[in-house]
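K.L.:
Just passing along the structure, written as structure tokens.
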Amino acid sequence: MFSIGKREFISLFKGIKSIVIIAILLVSAYYSTKLAELLLSTGMNISAEERQNIYTVGIQFLILLFGQLFVMGLSHDVMNKELHERTIRFLVSRVARSQIVIGKFLGIWLFWLTCLFVSFLIVCVFAQTFDIIAFLQLTSLLTYQISLTILLSVLVPKPGFTMFLGILVGIAFPILIAWVTLTSNVWVAWMRYITPFYYIQHPNFAFLTNLLLSCVMLIISIEIFKRRDC
């Protein structure tokens with residue numbers, strides 16, 4: 001399981017798409033602090049809590065709007081590519097299917113955790129503080145997005161289709177979730193309780209709730225994968 005995670009973690013740092021996304025995150029972190037310093041230098045009346053959050057607003061905005069697109073752009077075929085190319089047979093003969101899914105998840109999760117942590121370290125240099133609450137909230141959101149990506153990769157057998165679906169979901173997901181979260185329509189309002197954005201508005205339990213939703217999606221992914229022919 002850990003060797004699978006290690007391989008996935010290392011492979012995610014390779015390729016043009018990964019380099020571009022990492023660069024976007026780091027540049028966003030840097031200019032977010034520059035914007036925060038500019039706003040603070042104007043003498044605006046900002047509370048202590050707002051002063052702390054203003055440094056990470058760029059990273060938060062980026063992950064909220066484009067996090068799902070980034071995750072699916074890199075990992076849309078994390079499961080179905082190996083199923084399609086039949087390379088999964090070598091793993092299934094040595095490792096339990098549940099461990100394959102968990103290993104893939106851990107590799108992707110550690111990749112994004114590393115990128116997010118480095119971004120926050122850049123902010124910390126300028127802000128002189130590490131916003132642990134914002135970091136945990138974004139970690140929980142990325143965990144949800146990774147779990148959803150793995151679930152779709154298990155459900156959809158063709159890697160080419162998940163690439164198209166990844167772009168579609170990545171663009172539409174934040175719009176749809178915002179609508180579901182804000183709408184008063186009772187027929188769709190219930191869906192807000194299975195989305196991560198709703199819980200981010202309630203920071204006291206957002207982290208644990210999003211982790212719980214992620215675990216549910218991973219369990220579903222494992223059960224579906226167990227029934228797949230390899």
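What follows draws every value from the coordinates through simple rules; no lab data is involved. All figures in this text were calculated on a predicted structure; none of them were measured in a lab. When we count neighbours, we look across all protein chains shown, and the Cβ atoms used for this are built from the backbone with ideal geometry, even at glycine.
K.L.:
Kindly write out, for the range 104-120 in residue order, the coupling ³J(HN,Hα) from the Karplus curve 6.51 cos²θ - 1.76 cosθ + 1.60 (θ = phi - 60°), rounded to whole Hz, with x marking Gly and Pro.
P.N.:
Residue by residue, the range 104-120 yields 4, 4, 4, x, 5, 4, 5, 4, 6, 5, 5, 4, 5, 5, 5, 4, 6 Hz.
K.L.:
I would also like to ask the following. Residue by residue through the range 128-140, which ³J(HN,Hα) values in whole Hz follow from phi under the Karplus form 6.51 cos²θ - 1.76 cosθ + 1.60 (θ = phi - 60°), with glycine and proline marked x?
P.N.:
Those phi angles translate into 6, 7, 9, 7, 5, 5, 5, 5, 5, 4, 5, 4, 5 Hz.
K.L.:
Counting Lys +1, Arg +1, Asp -1, Glu -1, what net charge surrounds Ser3 among other residues with beta carbon under 14 Å of its beta carbon?
P.N.:
With Lys, Arg at +1 and Asp, Glu at -1, the net is +3.
K.L.:
Using 11 Å as the cut-off for backbone N distance, which residues of the range 82-102 belong to the label zone defined by a point 7 Å from the Cα of Lys226 along Cα→Cβ?
P.N.:
Flagged as within label range: 97-99.
K.L.:
Taking other Cβ within 10 Å of each residue's Cβ, how do Val123, Val118 sort, fewest first?
P.N.:
Starting with the residue having the fewest Cβ neighbours, the order is Val118, Val123.
K.L.:
May I pose another question? Give the calculated FRET efficiency between Ala96 and Phe130 to the nearest 0.05, with a Förster radius of 30 Å applied to their Cβ-Cβ distance.
P.N.:
0.20
K.L.:
If packing is taken as the mean number of other Cβ atoms within 10 Å per residue, what is the order of 125-131, 61-67, highest first?
P.N.:
61-67, 125-131
K.L.:
On to the next question. Among Leu106, Leu35, which comes first, second and so on when ranked by fewest other beta-carbon atoms within 10 Å?
P.N.:
Going from least to most buried by this count: Leu35, Leu106.
K.L.:
Tally Lys and Arg at +1 and Asp and Glu at -1 over the other residues with C-beta under 11 Å from the C-beta of Pro159: what net charge comes out?
P.N.:
Summing Lys/Arg as +1 and Asp/Glu as -1 gives -1.
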